Amino acid sequence: MAFYKPISLESPMPALTLYSSPRACSLACHIALEESGLPFELGQVKVREGQHLNDTYLKLNPWGKVPALQIDDEVLTEAHAILSYIGDLAPSDKHLLPHDPLPRARAHEWMNFLSSTVHIAFRPLFKPHFLISDEKLYPQLQKVGIPNLRKTLKEVDHRLKGRTWALGDTYSVVDPYLLVFWIWSQRDDVVAHVTKMPNWRAHAERIFERPATWQCLNREGVTKDNIADP
Ligand SMILES: N[C@@H](CCC(=O)N[C@@H](CS)C(=O)NCC(=O)O)C(=O)O
(Lines give C-alpha, C1' and ligand atoms only; values in the text may rest on other atoms or scores of the structure.)
Protein backbone atom coordinates (compact mmCIF):
# COMPACT_ATOMS: atom_id res chain seq x y z
CA MET A 1 0.00 0.00 0.00
CA ALA A 2 1.87 3.08 -1.17
CA PHE A 3 0.23 6.47 -1.35
CA TYR A 4 3.47 8.22 -2.08
CA LYS A 5 4.29 9.21 -5.64
CA PRO A 6 8.07 9.31 -5.99
CA ILE A 7 9.45 12.44 -7.59
CA SER A 8 10.28 11.60 -11.17
CA LEU A 9 13.94 11.36 -12.03
CA GLU A 10 13.14 13.43 -15.09
CA SER A 11 11.74 16.40 -13.16
CA PRO A 12 14.50 18.96 -12.66
CA MET A 13 15.66 19.51 -9.08
CA PRO A 14 14.46 22.91 -7.86
CA ALA A 15 17.01 25.49 -6.76
CA LEU A 16 16.82 25.72 -2.98
CA THR A 17 17.91 28.56 -0.69
CA LEU A 18 17.23 28.26 3.01
CA TYR A 19 17.09 31.40 5.15
CA SER A 20 18.20 30.57 8.66
CA SER A 21 19.34 32.30 11.84
CA PRO A 22 21.86 30.85 14.34
CA ARG A 23 20.18 28.65 17.02
CA ALA A 24 16.70 29.42 15.65
CA CYS A 25 14.11 26.81 14.71
CA SER A 26 15.43 27.15 11.14
CA LEU A 27 18.44 25.08 12.25
CA ALA A 28 16.22 21.99 11.94
CA CYS A 29 15.65 22.69 8.24
CA HIS A 30 19.33 23.43 7.72
CA ILE A 31 20.36 20.08 9.22
CA ALA A 32 17.61 18.22 7.36
CA LEU A 33 18.84 19.69 4.07
CA GLU A 34 22.42 18.72 4.86
CA GLU A 35 21.32 15.18 5.78
CA SER A 36 19.27 14.94 2.58
CA GLY A 37 22.31 15.47 0.36
CA LEU A 38 20.22 17.87 -1.78
CA PRO A 39 22.14 20.86 -3.16
CA PHE A 40 21.11 24.08 -1.42
CA GLU A 41 22.34 27.53 -0.55
CA LEU A 42 22.18 29.15 2.85
CA GLY A 43 21.04 32.70 3.41
CA GLN A 44 22.01 33.91 6.88
CA VAL A 45 19.38 36.12 8.51
CA LYS A 46 20.59 37.03 11.98
CA VAL A 47 17.43 37.57 14.03
CA ARG A 48 19.40 38.95 16.99
CA GLU A 49 20.75 41.66 14.71
CA GLY A 50 17.27 42.44 13.38
CA GLN A 51 18.09 41.18 9.87
CA HIS A 52 14.69 39.42 9.66
CA LEU A 53 13.14 42.89 9.50
CA ASN A 54 15.31 44.41 6.80
CA ASP A 55 13.70 45.33 3.48
CA THR A 56 15.44 42.65 1.44
CA TYR A 57 14.29 39.85 3.73
CA LEU A 58 10.78 41.26 4.15
CA LYS A 59 10.44 41.35 0.37
CA LEU A 60 11.18 37.62 0.33
CA ASN A 61 9.15 36.76 3.45
CA PRO A 62 6.83 39.58 4.53
CA TRP A 63 6.04 37.62 7.72
CA GLY A 64 9.62 38.39 8.82
CA LYS A 65 10.41 35.05 10.44
CA VAL A 66 12.86 32.25 9.78
CA PRO A 67 12.90 29.65 8.36
CA ALA A 68 11.96 30.45 4.78
CA LEU A 69 12.85 28.19 1.90
CA GLN A 70 13.07 29.62 -1.56
CA ILE A 71 12.14 26.91 -4.07
CA ASP A 72 12.89 28.27 -7.55
CA ASP A 73 10.69 31.38 -7.50
CA GLU A 74 8.36 30.34 -4.67
CA VAL A 75 8.89 30.83 -0.95
CA LEU A 76 7.77 28.26 1.61
CA THR A 77 7.59 29.17 5.31
CA GLU A 78 6.89 27.27 8.57
CA ALA A 79 9.44 24.78 9.84
CA HIS A 80 6.93 21.92 9.80
CA ALA A 81 6.04 22.50 6.13
CA ILE A 82 9.67 22.96 5.08
CA LEU A 83 10.79 19.81 6.89
CA SER A 84 7.99 17.83 5.23
CA TYR A 85 9.00 19.18 1.85
CA ILE A 86 12.66 18.31 2.40
CA GLY A 87 11.68 14.83 3.58
CA ASP A 88 9.71 14.23 0.39
CA LEU A 89 12.30 15.75 -1.94
CA ALA A 90 15.24 13.84 -0.43
CA PRO A 91 16.39 10.66 -2.17
CA SER A 92 14.18 7.82 -0.92
CA ASP A 93 17.14 5.85 0.48
CA LYS A 94 17.56 8.60 3.10
CA HIS A 95 14.14 7.73 4.62
CA LEU A 96 13.78 11.25 6.00
CA LEU A 97 9.96 11.13 5.97
CA PRO A 98 7.95 7.90 5.99
CA HIS A 99 5.65 7.19 3.06
CA ASP A 100 3.16 4.87 4.72
CA PRO A 101 0.16 6.58 6.28
CA LEU A 102 0.56 5.83 9.98
CA PRO A 103 4.32 6.44 10.37
CA ARG A 104 3.87 9.54 8.22
CA ALA A 105 1.09 10.76 10.51
CA ARG A 106 3.40 10.10 13.49
CA ALA A 107 6.01 12.38 11.90
CA HIS A 108 3.37 15.10 11.52
CA GLU A 109 2.15 14.47 15.06
CA TRP A 110 5.69 15.22 16.31
CA MET A 111 6.28 18.22 14.09
CA ASN A 112 2.94 19.79 14.92
CA PHE A 113 3.54 19.24 18.63
CA LEU A 114 6.98 20.84 18.31
CA SER A 115 5.82 23.89 16.35
CA SER A 116 2.52 24.59 18.07
CA THR A 117 3.26 23.63 21.67
CA VAL A 118 6.96 23.16 22.44
CA HIS A 119 8.20 26.22 20.51
CA ILE A 120 5.51 28.41 22.06
CA ALA A 121 6.21 27.16 25.60
CA PHE A 122 9.56 29.03 25.51
CA ARG A 123 7.82 32.32 24.83
CA PRO A 124 7.32 33.54 28.42
CA LEU A 125 11.10 33.24 28.90
CA PHE A 126 12.41 34.24 25.47
CA LYS A 127 9.80 36.67 24.16
CA PRO A 128 7.62 37.90 27.03
CA HIS A 129 7.10 41.14 25.06
CA PHE A 130 5.13 39.12 22.47
CA LEU A 131 2.63 38.26 25.22
CA ILE A 132 2.41 41.26 27.52
CA SER A 133 3.49 44.90 27.26
CA ASP A 134 4.01 45.72 30.93
CA GLU A 135 7.49 44.55 31.92
CA LYS A 136 6.50 44.62 35.56
CA LEU A 137 4.19 41.68 34.83
CA TYR A 138 6.94 39.48 33.35
CA PRO A 139 7.49 37.66 36.69
CA GLN A 140 3.75 36.89 36.84
CA LEU A 141 3.87 35.54 33.30
CA GLN A 142 6.88 33.42 34.09
CA LYS A 143 5.27 32.08 37.24
CA VAL A 144 2.82 30.31 34.96
CA GLY A 145 5.08 29.97 31.93
CA ILE A 146 8.05 28.23 33.54
CA PRO A 147 6.09 25.29 35.04
CA ASN A 148 4.29 24.96 31.72
CA LEU A 149 7.63 24.87 29.86
CA ARG A 150 8.97 22.29 32.31
CA LYS A 151 5.89 20.09 31.85
CA THR A 152 5.99 20.41 28.05
CA LEU A 153 9.67 19.49 27.84
CA LYS A 154 9.13 16.57 30.21
CA GLU A 155 6.43 15.34 27.83
CA VAL A 156 8.95 15.35 24.98
CA ASP A 157 11.34 13.33 27.13
CA HIS A 158 8.55 10.88 27.92
CA ARG A 159 7.66 10.45 24.24
CA LEU A 160 11.30 9.63 23.44
CA LYS A 161 11.52 6.82 26.00
CA GLY A 162 12.85 3.60 24.47
CA ARG A 163 13.43 5.23 21.08
CA THR A 164 16.66 5.73 19.22
CA TRP A 165 15.05 8.37 17.01
CA ALA A 166 11.72 10.18 17.23
CA LEU A 167 10.04 7.69 14.88
CA GLY A 168 11.81 4.59 16.21
CA ASP A 169 14.86 3.10 14.54
CA THR A 170 15.17 5.47 11.61
CA TYR A 171 16.47 9.05 11.68
CA SER A 172 13.98 11.44 10.08
CA VAL A 173 13.37 15.17 9.62
CA VAL A 174 11.73 15.18 13.07
CA ASP A 175 15.06 14.55 14.82
CA PRO A 176 16.88 17.79 14.00
CA TYR A 177 13.66 19.65 14.91
CA LEU A 178 13.88 18.06 18.37
CA LEU A 179 17.52 19.13 18.59
CA VAL A 180 16.58 22.82 18.27
CA PHE A 181 14.46 22.69 21.41
CA TRP A 182 17.01 20.57 23.25
CA ILE A 183 19.59 23.30 22.57
CA TRP A 184 17.13 25.94 23.80
CA SER A 185 16.43 23.88 26.94
CA GLN A 186 20.14 23.83 27.75
CA ARG A 187 20.65 27.57 27.36
CA ASP A 188 22.33 29.17 30.35
CA ASP A 189 19.16 31.13 31.15
CA VAL A 190 16.82 28.10 30.86
CA VAL A 191 18.63 25.01 32.11
CA ALA A 192 18.02 25.75 35.81
CA HIS A 193 14.27 25.84 35.19
CA VAL A 194 13.93 22.38 33.63
CA THR A 195 14.14 18.88 35.03
CA LYS A 196 16.51 16.13 33.94
CA MET A 197 15.47 14.68 30.60
CA PRO A 198 17.57 11.53 30.15
CA ASN A 199 15.81 10.22 27.04
CA TRP A 200 16.04 13.53 25.25
CA ARG A 201 19.66 14.00 26.35
CA ALA A 202 20.58 10.61 24.86
CA HIS A 203 18.72 11.53 21.68
CA ALA A 204 20.60 14.85 21.44
CA GLU A 205 23.92 13.09 22.03
CA ARG A 206 23.15 10.77 19.10
CA ILE A 207 22.39 13.74 16.87
CA PHE A 208 25.57 15.54 17.91
CA GLU A 209 27.50 12.48 16.69
CA ARG A 210 26.20 12.99 13.14
CA PRO A 211 28.61 15.01 11.00
CA ALA A 212 25.77 17.02 9.37
CA THR A 213 24.78 18.46 12.74
CA TRP A 214 28.08 20.17 13.48
CA GLN A 215 28.60 21.11 9.85
CA CYS A 216 25.38 23.14 10.04
CA LEU A 217 25.94 24.53 13.53
CA ASN A 218 29.46 25.64 12.60
CA ARG A 219 28.24 27.11 9.31
CA GLU A 220 25.86 29.24 11.36
CA GLY A 221 28.70 30.29 13.70
CA VAL A 222 27.66 28.02 16.59
CA THR A 223 30.40 26.04 18.32
CA LYS A 224 30.66 23.84 21.43
CA ASP A 225 31.78 26.94 23.33
CA ASN A 226 28.84 29.18 22.49
CA ILE A 227 26.02 26.67 21.97
CA ALA A 228 24.41 27.43 25.36
CA ASP A 229 24.53 31.22 24.92
CA PRO A 230 21.20 33.01 25.19
N1 LIG B 1 5.56 29.14 13.22
C2 LIG B 1 6.86 29.47 12.69
C3 LIG B 1 7.62 30.26 13.74
C4 LIG B 1 8.83 30.91 13.15
C5 LIG B 1 9.54 31.77 14.19
O6 LIG B 1 8.93 32.32 15.11
N7 LIG B 1 10.86 31.87 14.01
C8 LIG B 1 11.63 32.70 14.91
C9 LIG B 1 12.99 32.10 15.13
S10 LIG B 1 12.89 30.55 15.99
C11 LIG B 1 11.79 34.07 14.30
O12 LIG B 1 11.92 34.21 13.12
N13 LIG B 1 11.76 35.08 15.14
C14 LIG B 1 11.83 36.43 14.70
C15 LIG B 1 10.95 37.30 15.55
O16 LIG B 1 10.88 37.00 16.71
O17 LIG B 1 10.33 38.20 15.05
C18 LIG B 1 7.62 28.19 12.31
O19 LIG B 1 7.38 27.17 12.98
O20 LIG B 1 8.43 28.20 11.38
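The values are calculated or read from the model by the stated rules, or taken from the named source; none is laboratory data. Owing to the predicted nature of the structure, the values given are computational and were not obtained by experimental measurement. As a convention, Cβ positions derive from the backbone with ideal geometry for all residues, glycine included, and neighbour counts pool all protein chains shown.
Descriptive notes on the structure:
- Answer residue from region 80-106, given it is of a type outside the set (Val, Ile, Thr) and within 13 Å of the chain's Cα centre (by Cα) and is nearest to residue 119 (Cα to Cα) among those: 80
- Every residue from region 144-189 that is touching a Leu at 6+ places or on another chain (Cβ under 7 Å), within 24 Å of residue 82 (Cβ to Cβ) and small (Gly, Ala, Ser): 166, 172, 185
- Any hit, region 69-78, residues being more than 19 Å from residue 21 (Cα to Cα) and part of a loop (DSSP other than H, G, I, E, B): yes
- Selection within region 22-63 - assigned to a loop (DSSP other than H, G, I, E, B), surrounded by 15 or more Cβ atoms within 10 Å (Cβ to Cβ) and not aliphatic (A, V, I, L, M): 22, 23, 25, 40, 46, 61
- Output for region 10-22, where each listed residue is of a type in the set (A, V, I, L, M) and away from the ligand (no atom under 16 Å from the Cβ): 13, 15, 16
- Residues located in region 162-198, provided they are of a type in the set (S, T, N, Q), surrounded by fewer than 16 Cβ atoms within 10 Å (Cβ to Cβ) and closer than 26 Å to residue 103 by Cβ: 164, 170
- Hits in region 79-102 (condition: part of a helix (DSSP H, G or I), out of contact with any Gly (no Cβ under 8 Å at 6 or more places or on another chain) and more than 16 Å from the ligand (Cβ to nearest atom)): 88, 89, 92, 93, 101, 102
- Applying the set (1) modelled with pLDDT under 95; (2) within 15 Å of the ligand (Cβ to nearest atom); (3) not small (Gly, Ala, Ser) to residue 6 leaves exactly one unmet item: (2).
- Which numbered condition residue 151 misses (of (1) at pLDDT 95 or above; (2) within 16 Å of the ligand (Cβ to nearest atom); (3) not aromatic (Phe, Trp, Tyr)): (2)
- Some residue of region 117-133 being within 15 Å of the ligand (Cβ to nearest atom), closer than 30 Å to residue 192 by Cα and hydroxyl-bearing (Ser, Thr, Tyr): yes
- Breaking point among (1) touching a strand residue (DSSP E or B) at 6+ places or on another chain (Cβ under 7 Å); (2) assigned to a helix (DSSP H, G or I), for residue 116: (1)
- For region 23-50, the tally of residues that are more than 10 Å from the ligand (Cβ to nearest atom), over 23 Å from residue 87 (Cβ atoms) and touching a residue at least 12 places away in the same chain (Cβ under 8 Å) stands at 2.
- The number of residues in region 51-78 being farther than 24 Å from residue 175 by Cβ, of a type in the set (S, T, N, Q) and within 11 Å of the ligand (Cβ to nearest atom) comes to 2.
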